[in-house]
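Structure, as structure tokens:
The values are calculated or read from the model by the stated rules, or taken from the named source; none is laboratory data. None of the values given here were measured: they were computed from a predicted structure. With ideal geometry, Cβ positions are generated from the backbone for all residues, glycine too; neighbour counts draw on all protein chains shown. With ligands, DNA and RNA removed, areas are computed over all heavy atoms of the protein, side chains included. Shrake-Rupley method; radii C 1.70, N 1.55, O 1.52, S 1.80 Å.
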Amino acid sequence: PDGDDVKFIIEWGDGTSSTTEFIASGQDLAEKHEWTEPGDYIIIASAQDSRGATSPDSTFQIKIPRNKALELEFFDLFPNLYRIFQIIFG
């Protein structure tokens, strides 16, 4: 609330984590992550300001239903089906 720059510490639930650079208080931030395996993951995130104050952890549960690589392998096996899907769904 006092306008200090903040950074975010994110644990992605798959054994990996990341820490952002400091950004201005109130600025939007988008972070990307790719999970290598389908499953249920709990993301834990916290914020830390430039003076060292840290927020409580926030958690979010996410379900990764499938592996995109497997989806591509399926269409590699059935290339005509992929073309049909392209025509139907644009």
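Considering region 1-25 alone, what residues qualify as being assigned to a strand (DSSP E or B) and over 17 Å from the mean Cα position of the chain (by Cα)? Steps first, please.
As a first pass, look at region 1-25 and keep what is assigned to a strand (DSSP E or B): 6-11, 17-19, 23.
Across region 1-25, the qualifying residues are VAL6, ILE23.
If the Cβ limit is 8 Å and pairs must be 6+ apart or interchain, which residue in region 39-64 that is under 14 Å from ASP5 (Cβ atoms) pairs with which residue that is in a loop (DSSP other than H, G, I, E, B) and among the hydroxyl-bearing types (Ser, Thr, Tyr)?
ALA47/SER55; GLN48/SER55; ASP49/SER25
Please work out which residue is modelled with the lowest pLDDT, limiting yourself to region 37-90 and to residues that are part of a loop (DSSP other than H, G, I, E, B) and open to solvent by 90 Å² or more (accessible area, probe 1.4 Å).
The extreme case among them is GLY90.
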